[in-house]
Structures are given as structure tokens and as C-alpha cells.
Amino acid sequence: AGECGACGPGFASPLDAMKGKSKSRAGREEPRTVCHLGPREEIVYVPCIYRNTGRKKPDFLATVDVDPKSPHYCQVIHRLPMPNLGDELHHSGWNACSSCFGDATKKRNRLILPSLISSRIYVVDVGTDLRAPRLFKVVNSEDVFWKCNLGYPHTSHCLGSGEIMISTLGDPAGSGKGGFILLDGETFEIKGNWEKGDKIPPMGYDFWYQPRHNVLISTEWGIPKCLGYGFDPNDLKKGRYGRRLNVWDWTTHTYVQAIDVGEDAAPLEIRFLHNPDAAEGYVGCTISSAIHRFYKTERGDWAAEKVIQVPSKKVEGWLLPDMPGFITDILISLDDRFLYFSNWLHGDIRQYDISDTRKPKLVGQVFVGGSITKGGPVTVCRDEELQSQPDPFFIKGKRVPGGPQMIQLSLDGKRLYVTTSLYSAWDRQFYPDLLKDGSVMLQLDVDTEQGGLRVNGSFLVDFGKEPEGPCLAHEIRYPGGDCTSDIWV
């Protein structure tokens with residue numbers, strides 16, 4: 001950290017991150033390029049999954065070159081295979097991020113990789129060689145089970161204390177349970193559960209914390225032993241999918257409030273505004289295909305209101321007569337001006353101006369695949385938004401299977417990266433060609449002035465061409481942190 005002239009990892013503020021500058025100890029603004037930070041990302045890390053593909057290969061962490069000046073542009077330049085099969089690597093996080101900016105002893109040199117199915121937690125060394133990560137430590141599932149009575153870890157966030165916190169979907173038996181694993185930030189040993197008290201939410205998934213308002217809010221996907229085999233519509237009426245935002249007291253670690261966002265909602269990714277003083281944010285509800293704004297009320301508790309609804313499409317030739325958009329990922333630009341989200345089934349990515357947080361305004365939209373393209377098995381009978389079904393999406397001569405799923409925005413807000421795999425069991429059910437052809441990573445150019453999205457026709461990372469066979473690429477993470485990993489306190 002001292003080499004960068006900063007106090008600790010990351011940036012002093014979201015706007016500093018956007019500009020690629022940070023205050024030095026002397027108060028001077030210094031560019032962070034020596035730390036591979038700043039507006040233009042050069043490499044990204046992407047977990048790649050082989051579970052459910054029929055290939056008996058371990059998942060791996062891919063290092064992808066995204067520097068247009070590089071001879072290896074759009075290529076996987078390194079692969080770190082995990083030592084086990086069937087992990088289902090999912091959402092990664094850091095040992096230290098901008099929440100530790102004030103601590104000069106902290107370094108962002110370890111990437112935390114929870115395994116959604118095996119419940120193992122991998123700690124990867126990215127500090128020794130940024131472009132060639134190596135395995136540093138394995139936290140075995142037995143430790144997760146015995147020390148926390150939890151399983152199915154999902155989201156990892158570093159804390160300002162230097163500890164690491166990981167949310168879970170359930171207990172070791174696969175029943176729903178919304179608890180949190182706490183790791184020591186130096187040894188990566190399990191310290192126990194973060195949550196205290198007898199009240200625990202019935203399900204878990206993602207979370208975000210905001211110490212200035214003494215709050216952590218978590219979401220609910222569904223019961224792990226039901227999700228593991230794919231999506232069964234009958235589970236919706238049996239209470240097997242989540243419908244609540246769960247509010248925690250940040251200081252006491254106790255569960256204090258549930259906010260109901262509707263039956264069949266399945267709220268997934270949750271994002272506070274990046275401004276650490278802000279007492280509001282957004283959550284994407286997958287099955288109901290709605291975006292809810294959550295906020296702190298005058299009474300001091302929390303509430304939510306629906307601000308965007310993606311209409312379902314009346315269809316034939318699909319699992320159900322109504323096809324939801326299936327919002328699977330959302331993010332907010334570092335200046336809190338734009339909200340982005342992906343409709344995995346409909347096939348579009350949207351950009352909303354959230355200058356008025358209660359009234360998001362659609363300013364950009366692009367289709368990159370999905371289930372309703374022309375010539376496919378699905379016929380759209382009634383559509384409130386489109387005049388006709390979108391054309392199949394081709395790039396560099398390849399027809400892209402699947403739909404847009406995980407998204408990541410460059411620090412300067414000008415490039416939006418997209419991958420197409422959600423979760424191997426659901427990929428197999430909704431987009432079987434993904435398992436045969438592999439997923440892809442795309443890049444969209446963003447108009448940050450007026451709003452607008454456009455596919456970069458020269459950018460394609462084809463994970464169907466991997467040496468060990470086609471694989472499923474998931475979340476995208478930058479070495480220097482990004483708008484879904486860093487929390488400012």
C-alpha cells in the first residue's frame with residue numbers, strides 16, 4: 001500500500017475510484033496505475049464451472065486479458081484449477097477492499113472463492129503474481145458445517161475490521177438458513193458465525209452493509225436442496241423461494257426486521273448506493289422481474305417500494321405460459337447515476353438513470369441472446385414492450401447461446417462486461433446449448449453522458465474453446481476492486 005502513496009487498499013471514496021486517483025498521505029492526488037488500478041482495467045478474474053457439464057474436470061479461476069493494446073486481448077492467459085470436483089465456484093470477494101482504506105497494514109492480495117455446492121472456501125493468492133494466481137488455502141466444508149452449522153456459501157465481502165464475511169443459503173443438510181460465516185483476515189480460519197441471537201432468516205443469498213446507518217441487509221434466493229436440481233414452478237407455491245429483505249443491526253449482529261417484497265419475488269443481488277452517507281439502494285427480484293428501491297424511513301426502520309417492473313411475455317413453447325424477464329444481476333455506477341441489470345431469459349441488458357432514485361428512467365437497452373429470439377422454440381404471443389421477437393445474437397461469427405447474466409462495470413463507467421451463465425443446474429434446464437458450447441464474455445460500450453449501450457463487436461471471450469472443454473463462466477472481478485466488491489464506510 002505504501003508504494004501507492006495511500007493509506008490502505010482501494011480508494012478513499014467512490015468518486016476517487018472512478019477517477020483512478022487516491023489521496024496520498026501528504027494529501028496529494030496520485031494516479032494508481034502502479035498498483036494496476038485506475039479507470040482502464042487490464043485483466044479480470046472469472047470463475048469457470050464444469051459442474052453439470054458432463055466433463056469430470058475441476059472448476060478453475062480464469063485470468064482474462066482485457067487490454068485492447070495487448071497481443072492477448074480477449075484471451076484466457078492463466079487458469080488456476082481447484083483441487084476438487086463439483087464445487088460450483090460462485091461469487092468471489094476480497095480479503096481487503098476500500099472498507100480497509102484507512103489501514104496501511106492491509107493489502108488486497110487474496111481473492112476469496114466460496115463454492116456454492118461443495119461449501120468449500122478457497123483463498124487464492126493474487127499478490128505474488130497478479131496474472132498467475134495460485135492457491136493459498138482451502139477451508140474445508142467440514143469446518144463450515146461444524147463451526148457455523150451453515151452451508152452453501154454465496155457472497156463474500158471484506159469488512160473494515162479486516163475480517164471476511166460470507167453469506168450462506170442454508171444449513172449443512174440443504175435446508176434454508178440465512179446466516180454468515182466470519183473468517184479471520186490474516187489466517188483465513190473460521191472464527192464462527194457473524195450473526196447473534198435466536199432469530200435467523202429462513203433463507204439467505206446476497207448482502208450489503210452500511211455502517212453509517214448501522215445496518216446490513218441480506219436477501220433470499222431459495223432452499224438449496226430444491227435449487228440444486230433446477231427450477232420447479234411447483235416450488236413457488238410451497239414457500240421454497242424467498243420473498244424478504246432481511247434487516248440486521250450492524251453493531252449487535254442481530255436480525256431486526258423483514259421487508260416483504262412479494263410472493264415469488266426471489267430477491268437476489270442487493271446494492272446500496274455507493275455514497276456511504278446514502279440510506280437507500282436497490283434489489284433485483286428474479287422471478288417477479290422487479291426492481292425495488294429500499295430506504296430508511298423517518299421512523300428509523302427500513303421499507304421498500306417497487307420502482308421498475310419488467311413485464312412478462314405471453315409465450316408458447318416454453319416451461320410456462322408467461323415468461324418473466326428473470327433479473328439475475330444488478331449494479332450501480334460508482335457515481336450513483338446509473339443502474340444496470342440483466343434479464344437472463346428475455347435476453348436484454350438495461351441502463352437506467354437514477355438521478356431521481358424513486359423514478360428510474362430507461363436510457364439504454366441492448367439484446368444479446370435470450371430465450372425469445374426469432375427462429376427458436378419459443379413463440380411470443382403477446383408482448384407489452386417489443387413489436388417483434390429479437391434477432392439471434394451473433395458476434396465474430398458465433399451465435400451466442402444463453403442470455404446476459406453477471407455484469408461488471410469499469411471503474412470509469414464506460415465499459416460493461418457481461419457473462420452468460422447463471423448456475424449450472426439452471427443453465428442445463430433453460431439453456432442446454434450453454435453446456436455444449438460454453439458461455440461467453442462480452443463487453444458493452446456505455447454512453448455516460450446521455451445514456452446508451454452498444455455491443456463492442458471486437459470483444460469476445462469464448463469459453464467454449466477452453467482446452468479442457470466448454471465451461472460456464474460466471475462473475476467478473478477486477479484486481480483493483482470494482483463497484484460490486486468494494487464498500488465504503
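The values are calculated or read from the model by the stated rules, or taken from the named source; none is laboratory data. Nothing here was measured: the structure is a model prediction, and the numbers come from that model. Because the Cβ atoms are built from the backbone with ideal geometry, glycine has one as well, and the counts that use them run over all protein chains shown. Ligands, DNA and RNA are excluded from the accessible area calculation, which covers all protein heavy atoms including side chains. Shrake-Rupley method; radii C 1.70, N 1.55, O 1.52, S 1.80 Å.
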Hey, could you check the range 167-178 for residues that are in contact with a helix residue (DSSP H, G or I) (Cβ under 8 Å, 6 or more places away or on another chain) and surrounded by fewer than 24 Cβ atoms within 10 Å (Cβ to Cβ) and say which is nearest to Val123 (Cα to Cα)? Pro172
Residue hits (the range 207-229; surrounded by 15 or more Cβ atoms within 10 Å (Cβ to Cβ), of a type outside the set (S, T, N, Q) and in a loop (DSSP other than H, G, I, E, B)) are Glu220, Trp221, Ile223, Gly228
Any residue in the range 162-188 that is under 12 Å from Glu220 (Cβ atoms) sitting within a Cβ distance under 7 Å of a residue that is of a type in the set (Lys, Arg)? List the pairs, counting only those 6 or more apart or interchain. Thr168/Lys177; Gly170/Lys177
Reported set for the range 435-450 where residues are in contact with a strand residue (DSSP E or B) (Cβ under 8 Å, 6 or more places away or on another chain), of a type in the set (Asp, Glu) and part of a loop (DSSP other than H, G, I, E, B) is Asp447
Among the strands (runs of 3 or more DSSP E) lying completely within the range 289-407, list those that include at least 2 residues that are open to solvent by 10 Å² or more (accessible area, probe 1.4 Å). 290-296, 302-309, 313-316, 348-353, 361-367, 379-382
All positions within the range 274-288 that are buried (at least 19 other Cβ atoms within 10 Å of the Cβ) and either among the β-branched types (Val, Ile, Thr) or in a loop (DSSP other than H, G, I, E, B) (or both): His274, Val283, Thr286, Ile287, Ser288
Which of (1) within 22 Å of Thr419 (Cβ to Cβ); (2) touching a helix residue (DSSP H, G or I) at 6+ places or on another chain (Cβ under 7 Å); (3) of a type outside the set (Asp, Glu) does Gly160 not meet, given it meets every other one? (1)
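Tally up the residues in the range 114-166 that are outside any loop (DSSP other than H, G, I, E, B), open to solvent by 30 Å² or more (accessible area, probe 1.4 Å) and under 30 Å from Gln75 (Cβ atoms), please.
Looking only at that region, the number is 5.
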If a residue must be closer than 30 Å to Gly228 by Cα, open to solvent by 10 Å² or more (accessible area, probe 1.4 Å) and in a loop (DSSP other than H, G, I, E, B), how many such residues does the range 408-434 contain? 2
Taking the options Ser410, Ser388, Ser421, Ser439, name whichever one is at pLDDT 95 or above, over 30 Å from Val124 (Cα atoms) and among the polar types (S, T, N, Q). Ser388
Could you identify the single residue in Val400, Val446, Val489 that is farther than 22 Å from Leu273 by Cβ, of a type in the set (A, V, I, L, M, F, W, C) and in contact (Cβ under 8 Å) with a residue 40 or more places away in the chain? Val400
Specify which of the listed residues (Glu298, Glu269, Glu316, Glu263) is of a type in the set (D, E, K, R), out of contact with any strand residue (DSSP E or B) (no Cβ under 7 Å at 6 or more places or on another chain) and modelled with pLDDT of 95 or more. Glu298
Selection status of Ile200, among the aliphatic types (A, V, I, L, M) and touching a residue at least 60 places away in the same chain (Cβ under 8 Å): no
Please enumerate the residues belonging to the range 63-101 that are closer than 29 Å to Gly228 by Cα and either hydroxyl-bearing (Ser, Thr, Tyr) or surrounded by fewer than 21 Cβ atoms within 10 Å (Cβ to Cβ) (or both). Thr63, Arg79, Pro81, Pro83, Asn84, Leu85, Gly86, Ser92
Residue list for the range 230-265, filter: part of a loop (DSSP other than H, G, I, E, B), open to solvent by 20 Å² or more (accessible area, probe 1.4 Å) and within 21 Å of Phe294 (Cα to Cα): Arg243, Trp250, Thr251, His253, Gly262, Glu263, Asp264
